[in-house]
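Every number here is computed from the coordinates shown, using simple stated rules; none is lab data. Everything numeric in this text was worked out from a predicted model, so none of it was measured. So basically every Cβ, Gly included, is an ideal-geometry build from the backbone, and we count neighbours across all protein chains shown.
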Amino acid sequence: MPVNCWSPQEVMKISESHRHQLEQAAPSVAENQRLRKSVKTLEKMLAGAHVDQDKLRAEKTQLEAENWELKNQLGDGVSREKSKASDPSVYCFHIFSLPMLTEIFYWCRAC
């Protein structure tokens, strides 16, 4: 059976070639490690942002429900007052809800 035998000069030549390849690859390996660390940091930030977004959605839903309840209470109160009023100097409270705008509240003379 043939056995691969290298001379000391061949071993040194191969060794020098491997060392040179490692030196060339070292900056790329370091950059790769830096980028992996950066990606992990961004993934953590994204997960935190999703949690924050879910919390904000829940808070928005809660505030919308409270707003709806207050509008109903206000509407009931205005309707009762309007039905009691026969005096033309009585004012009514109106609520307009426009898309992408805050609600507009204003008083006018009794309708």
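Annotations
- Normalised per residue, the volume of the convex hull around the Cα set of the stretch 8-85 (Å³): 71
- Lysine pairs within the stretch 8-85, Cα separation less than 20 Å, 8 or more sequence positions apart or different chains: 4
- Length gained on full extension, Ala49 to Gln21, computed as 0.36 nm times the residue gap minus the Cα-Cα distance: 5.9 nm.
- In a simple Cβ point-charge model (Lys, Arg +1; Asp, Glu -1; nothing else charged), the stretch 8-85 has a dipole of about 140 debye relative to its Cα centre.
- Here each label is just a point 7 Å from Cα along the line to Cβ, and for Ile14 and Val29 those points are 2.0 nm apart.
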